[in-house]
1. Just one of MET45, MET37 is at pLDDT 85 or above, over 24 Å from CYS117 (Cα atoms) and not β-branched (Val, Ile, Thr); which is it?
2. Would you please list the contacts, defined by Cβ atoms under 8 Å and residues six or more apart or on different chains, that run from a residue in the stretch 28-54 that is open to solvent by 100 Å² or more (accessible area, probe 1.4 Å) to a residue that is modelled with pLDDT of 90 or more and assigned to a helix (DSSP H, G or I)?
3. What tally of residues in the stretch 60-102 results from selecting those that are surrounded by fewer than 16 Cβ atoms within 10 Å (Cβ to Cβ) and touching a residue at least 60 places away in the same chain (Cβ under 8 Å)?
4. Considering each of ASP69, ASP6, ASP110, ASP53 in turn, give the residue that is modelled with pLDDT under 95, acidic (Asp, Glu) and more than 30 Å from ASP126 (Cα to Cα).
5. Given the condition more than 17 Å from the chain's Cα centre (by Cα), open to solvent by less than 80 Å² (accessible area, probe 1.4 Å), more than 30 Å from THR12 (Cβ to Cβ) and free of Cβ contacts under 8 Å to residues at least 12 places away in the same chain, answer yes or no: does some residue in the stretch 104-113 qualify?
Amino acid sequence: IDGFWDGFDDPTIDSMPGALVDAYRAINPDPADLRRMFDLDVAVMRGFRDWDDVELAGLRGPVLYVSGDQDVVLPQHTIRMAHATPGGRALIVPAGHGDYLGSTDSGPVDRALTESCLTLIRRFLDYEPG
C-alpha cells in the first residue's frame, strides 16, 4: 500500500490514526498506557520476521488466513501460507488493509463487506470436517 510504511523509521504516537487512539482511550484513558501499547506495537513491527514453510507446516488445527486483494500482505503470500499449513485456508477479500474488518482509519466502514467477511470467518470456525 502506497504510504503504509511512511514515517516508520521514526514513528510517533501523533501519527496514530485518531479513530484508533479514541477507541483505545475509550477502553483505557491512561495516556501512559496508550504510550506503552504504542511502543510495544512499534517493537513488534520492527522485530517482525516472516514464518518459513517449515514453521507453517508445524501448525496443527485449522487456520484461516485473511487478507484483502489490495492489502499490505499480497494475495500470493496469503495463498502460499495457506498451502504450507496443514488445514490452512485462504480468504482473499476485495478490499484494502483492514477494510474488510470494519477498520475506520481508512474512511467510512463498508458494513456489507464487513458483514460478508465475518459471515465467512464464522463459517470457517463452525466447519467440522467430516
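1. The match here is MET37.
2. TRP51/MET81
3. Summing the residues that are surrounded by fewer than 16 Cβ atoms within 10 Å (Cβ to Cβ) and touching a residue at least 60 places away in the same chain (Cβ under 8 Å) in the stretch 60-102 gives 3.
4. Only one candidate passes the filter, namely ASP6.
5. Checked the stretch 104-113: at least one residue is more than 17 Å from the chain's Cα centre (by Cα), open to solvent by less than 80 Å² (accessible area, probe 1.4 Å), more than 30 Å from THR12 (Cβ to Cβ) and free of Cβ contacts under 8 Å to residues at least 12 places away in the same chain.
The values are calculated or read from the model by the stated rules, or taken from the named source; none is laboratory data. Computed from a predicted structure; not experimentally measured. Cβ sites come from the backbone with ideal geometry, for glycine too, and all protein chains shown count toward neighbours. Heavy atoms of the whole protein, side chains included, go into the accessibility calculation; ligands, DNA and RNA do not. Shrake-Rupley method; radii C 1.70, N 1.55, O 1.52, S 1.80 Å.
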